[in-house]
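A.B. asks: Take this structure first; my questions come after.
Just so you know, all these numbers are worked out from the coordinates, no wet-lab data involved. The structure presented is a predicted model; accordingly, all values stated were derived computationally and were not measured. Backbone-built Cβ (ideal geometry, glycine too); neighbour counts: all protein chains shown.
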Amino acid sequence: MAKIKKIVSNSTKETIQFAKDLSKHLKKGSIVAFLGDLGSGKTTFIKGIVKALSETKNINVTSPTFVYLNIYGVKIPIYHFDLYRIKDKDHFYEMGFEEYFSSSGICLIEWSENILDILPKDTIFIKMTHITEQTREIEITNAF
Ligand SMILES: Nc1ncnc2c1ncn2[C@@H]1O[C@H](COP(=O)(O)OP(=O)(O)O)[C@@H](O)[C@H]1O
Ligand SMILES: [Mg+2]
C-alpha cells in the first residue's frame, strides 16, 4: 500500500521548508510528479528542493513552460519539467523525454497529469491544493 502523508502549509516559507525535508529522501533516479492547479505552489516546492540540493550555488528556478525542461547542474543533475503544453504521453515520447526517467538525475515534473499512465511505479507524488491565499494542502505519496 502506498504511504500517504498530508500536511498543511501556511506560507511560502513553510512550503520551502517541507521541500527541504523531502529532498533528504531523494536520490539518483528519483522521480517526483507534481499534481495541482496553476498557483498551487509546485514551482515554489521545487525551488525548495533545488535550494536544498544545490549546496552553495544560488540557482534561479522558474517554470520551464516554454521549453518544457530546465536542467540544473547541482550535486545530482535535476531535470525540471513543466508539461502544461505536452498534450499526452505520445507527445512526451516524441520529445524523447522518457530517457530522463532512467538517468542518474532527479526528475521533478510539473503538470504530470498529462503523462500519468507512463510514470514509473516508484514515482513520488506531490499533490498541491490551494486552500486560502497563504494556505496549501500538500499530499505526499510514496516518499517515506
Ligand atoms: N503556502 C504556500 N505555499 C506555496 N506557495 C504559496 C503559499 N502561499 C502563497 N503562495 C504563493 O502562491 C504562488 C505559487 O506559485 P507557483 O509556485 O509558481 O505555483 P505553480 O507552479 O503551482 O503554478 C507563489 O506566488 C507563492 O508565493
Ligand atoms: Mg509552475
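A.B. asks: What are the residues in the stretch 112-124 that are within 16 Å of ligand 1 (Cβ to nearest atom) and touching a helix residue (DSSP H, G or I) at 6+ places or on another chain (Cβ under 8 Å), if any?
C.D. replies: The one that is within 16 Å of ligand 1 (Cβ to nearest atom) and touching a helix residue (DSSP H, G or I) at 6+ places or on another chain (Cβ under 8 Å): N114.
A.B. asks: Condition check: away from ligand 1 (no atom under 13 Å from the Cβ), surrounded by 14 or more Cβ atoms within 10 Å (Cβ to Cβ) and not in a helix (DSSP H, G or I). Does I109 satisfy that?
C.D. replies: On the way: away from ligand 1 (no atom under 13 Å from the Cβ): no; surrounded by 14 or more Cβ atoms within 10 Å (Cβ to Cβ): yes; not in a helix (DSSP H, G or I): yes.
So I109 does not fit the description; no.
A.B. asks: Out of (1) more than 16 Å from ligand 2 (Cβ to nearest atom); (2) buried (at least 17 other Cβ atoms within 10 Å of the Cβ); (3) more than 23 Å from T129 (Cα to Cα), what's the single condition that is false for I78?
C.D. replies: (1)
A.B. asks: Collect the residues in the stretch 125-138 that are surrounded by fewer than 19 Cβ atoms within 10 Å (Cβ to Cβ) and either part of a loop (DSSP other than H, G, I, E, B) or in contact with a helix residue (DSSP H, G or I) (Cβ under 8 Å, 6 or more places away or on another chain) (or both), keeping them in residue-number order.
C.D. replies: I131, T132, E133, Q134, T135
A.B. asks: Please specify each residue of the stretch 83-106 satisfying the condition of being within 16 Å of ligand 1 (Cβ to nearest atom) and not aromatic (F, W, Y).
C.D. replies: L83, R85, I86
A.B. asks: Could you check, for the stretch 29-38, whether at least one of its residues is touching a helix residue (DSSP H, G or I) at 6+ places or on another chain (Cβ under 9 Å) and assigned to a helix (DSSP H, G or I)? Steps first, answer last, please.
C.D. replies: Our first condition is that a residue be touching a helix residue (DSSP H, G or I) at 6+ places or on another chain (Cβ under 9 Å); within the stretch 29-38, this holds for 29, 31-36.
Remaining after also requiring assigned to a helix (DSSP H, G or I): none.
No, every residue in the stretch 29-38 fails to be touching a helix residue (DSSP H, G or I) at 6+ places or on another chain (Cβ under 9 Å) and assigned to a helix (DSSP H, G or I).
A.B. asks: Right, here's the next one. If you check D88 against the conditions, is it touching a residue at least 24 places away in the same chain (Cβ under 8 Å) and of a type in the set (D, E)?
C.D. replies: Considered against the rule, which asks whether it is touching a residue at least 24 places away in the same chain (Cβ under 8 Å) and of a type in the set (D, E), D88 comes out as yes.
A.B. asks: Can you confirm whether I106 is within 16 Å of G36 (Cα to Cα), of a type in the set (A, V, I, L, M, F, W, C) and touching a Lys or Arg at 6+ places or on another chain (Cβ under 9 Å)?
C.D. replies: no
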